[in-house]
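For reference, the structure discussed in these notes is given below.
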Amino acid sequence: MSASIRVLAVHTHPDDIEFQCAGTLALLREQGCHVTMATMSPGDCGSAEHDAESISEIRRAEARAAAELISADYLCLEFRDLAIFSDDESRRRVTEILRRVRPDIVLTAPPVDYLCDHEATSLLVRDACFSAPIPNYVTRQWEPAPHLEKIPHLYYVDPIGGVDRDGRLQVPGFHVDVSRVFELKREMLACHASQRNWLLRQHGIDEYLDSQFKWSTHRGTEIGVTHAEGFRQYLGHPYPHDNLLLSLLGQDGRGKASTG
Ligand SMILES: [Zn+2]
């Protein structure tokens, strides 16, 4: 059954997925799911040494290399950094991507996060999941794909650091134990070499991989495993309420195998 399940992870920048949900994607691939990793932008502002066009090219290639490690597809929606807004044209563009990828499960940015682009991504993807099955909603894109059959299962990944803009803890709805695939998740993040250099210069931080390790260890400790990722399922009225993600993984969301 899993072989026919399609998963779309769509976050803002190249590397956000690798930080927040790449372990879960690796596990879903093991279950035979088809996985697409998408970024809203190519991360065109993420460099102090390259111009926007050059760093975009570098980062698309890094994101594609990371996706290839789990045999996932990669695509970029080609918004630009600090210019992602929930407006009419943008919602139609995100809806078109949903119709082309045709996911059963969507993982995206959380509604509350430290960065405006992350929050706008979350809002756009949430609303595009609603729009995608509506026959009369046209995307105005070239060669538009047919509407979806139904609203996909929607999940939010953790905000950066697990906190909102005021530093208040955001508690995940459930955890996924990713201990077994953590090394692969680490290799995926390591594909983003340009960002390790950028963070070092911009923030004086040389702990790109280390911060991923610390965060997944933190989430793991909460459920008594080595490494975990946190998620919250969006349960707005017409969206699916059964937890398809955990069923596919055979986990109970608290670090144990599911019994059902
Ligand atoms: Zn980001």
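The values are calculated or read from the model by the stated rules, or taken from the named source; none is laboratory data. Note that this is a predicted model, so its numbers are computed, not measured. Reconstructed Cβ throughout: ideal geometry from the backbone, glycine too, with neighbour counts over all protein chains shown. Areas reflect the complete protein model, heavy atoms only, side chains present, ligands, DNA and RNA absent. Shrake-Rupley method; radii C 1.70, N 1.55, O 1.52, S 1.80 Å.
Key figures
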read-out: Solvent exposure, largest accessible area first (probe 1.4 Å, DNA, RNA and ligands not counted), of HIS203, HIS192, HIS13, HIS237; value: HIS237, HIS203, HIS13, HIS192
read-out: Ellipsoid semi-axes in whole angstrom, largest first, where each is sqrt(5λ) of the Cα gyration tensor of the range 1-80; value: 26, 10, 10
read-out: Cα-only Debye scattering, the range 108-170: base-10 log of I(q)/I(0) at q = 0.23, 0.30 Å⁻¹; value: -0.90, -1.20
read-out: Relative contact order of the chain, pairs being alpha-carbon contacts under 8 Å that are 6 or more residues apart, as %; value: 22 percent
read-out: Extent along principal axes [Cα atoms of the chain; Å; largest to smallest]; value: 50, 50, 37
read-out: Spatial separation of Cα centroids for the range 9-42 and the range 67-115, in angstrom; value: 11 Å
read-out: Cα-based Rg and Dmax for the range 1-148, where Dmax is the largest Cα-Cα distance (Å); value: 14.8, 47
read-out: Heavy-atom accessible surface of the range 1-80: percent carbon and sulfur, 1.4 Å; value: 46 percent
read-out: For the chain, calculated [θ]222 nm from helices alone, where every DSSP H run of n ≥ 4 adds -39500 (n - 2.57); value: -12000 deg cm²/dmol
read-out: Dipole axis of the range 47-166 (+1 Lys, Arg; -1 Asp, Glu on Cβ), positive-most option in CYS76, PRO159, PHE130; value: PHE130
read-out: Cleavage-rule hits, chymotrypsin sites (Phe, Trp or Tyr not before Pro), the range 95-172, DSSP coil, Cβ neighbours within 10 Å at most 11; value: TRP142
read-out: DSSP loop trypsin sites (Lys or Arg not before Pro) with at most 15 other Cβ within 10 Å excluded, longest remaining stretch of the chain; value: 169-253
read-out: Cβ-derived FRET efficiency at R0 25 Å, VAL171 paired with ARG196, nearest 0.05; value: 0.25
